[in-house]
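For reference, the structure is listed below as structure tokens.
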Amino acid sequence: MTGFIKRLLNRSHKLADVRTLKQLCNLAESHARKMGQTKPGAEHFVLAALELPDQLASQALQGKGVTPASYTEAIINHYQQALLSQGINVGDSLSTNSPLAQSDPTGLYHTQRSGQQLMQHLAKLPKDSALNSVHVLQAVSQLPDSVAMRALQSFHLSPDTLNSLNAHA
Amino acid sequence: MSKSTPDPKQDDPAQAFTAAIALRLSADKIEHEAVVAAINQGWSWSRIADAMGISKQAAHKRFRHCIKDR
């Protein structure tokens, strides 16, 4: 009986994960398109995590001032600072004022390389609970050189801090 | 876009990589807006492709989503 219950819990856990993953990917794609990109990167998955219904990531980062709006601004600032460091000024061409039209979700998710890497780390995370938004932050902590992580660092969040967040509701 | 003489101390390659990504994103955005404007002005895909230096098929495949962005 115990084995059957365990298998049942494992199965429902997987079903919940599939639903969460689908929401995460759809939201990430939506955020990428709002920022004028066709494929989401890790930073768009962070934005998506902040909007997942479980609210665990948003609550964990609220105290540091991280919201979808402030994080988007941090991403853009990160790009602009990098360009200025090379002596390049592209004006406001990196702003979010020319988004792409939202596409209908097809279930086929194409991501940037950083998005693929995030998914790979997400799959490897030891989880004794269903996939939730904090797991996304823990996966991003494994991408220290990514735009996603560097934009989070502007809020004084280190990879170690993210990795040690409590993923349990 | 303006470019001043960069600091020769390239001791932060991570920033340089980020700058390269940002430039690509900026170029993609400029290109996308140009395609939307061209479509709105009645340009054919052949004309758009010629202006971009790519084939008509490549232009249509790469930018057909721009039709939704008009």
Quiz item: What is the set of long-range amide H partners of residue A:89 at a cut-off below 5 Å, with H atoms built 1.01 Å from backbone N?
Solution: B:2
Quiz item: Looking only at other chains, what is the average number of their beta-carbon atoms within 10 angstrom of each beta-carbon in B:13-19?
Solution: 6
Quiz item: Taking a ≥ b ≥ c as the square roots of the eigenvalues of the Cα gyration tensor of the stretch A:23-73, is the shape rounded (a/c under 1.5), prolate (a/b larger than b/c) or oblate?
Solution: oblate
Quiz item: For the stretch A:17-169, what is the convex hull volume of its Cα atoms per residue in Å³?
Solution: 107
Practice problem: Sort the stretch A:106-169 into rounded, prolate or oblate with this rule: let a ≥ b ≥ c be the square roots of the eigenvalues of the Cα gyration tensor; rounded if a/c is under 1.5, and if a/c is not under 1.5, prolate when a/b is larger than b/c, oblate otherwise. | Solution: oblate
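Listed highest first by mean packing, meaning other Cβ atoms within 10 Å per residue, what order do A:70-79, B:27-36, A:27-36 come in?
On the way: A:70-79: 19.1, B:27-36: 17.0, A:27-36: 22.1.
Final packing ranking: A:27-36, A:70-79, B:27-36.
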Practice problem: Give the Rg (one decimal place) followed by the Dmax (whole number) of the stretch A:51-100, computed from C-alpha coordinates and expressed in Å. | Solution: 14.1, 42
Quiz item: Just counting partner chain Cβ atoms within 10 Å, what average do the residues of peptide A:77-84 show around their Cβ?
Solution: 5
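Bear in mind these aren't lab numbers, they're just calculated from the coordinates by the rules spelled out. Note that the structure is a prediction, hence the values are computed from the model and not measured. Methodologically, a virtual Cβ is constructed for each residue, glycine included, from the backbone with ideal geometry; neighbour enumeration extends over all protein chains shown.
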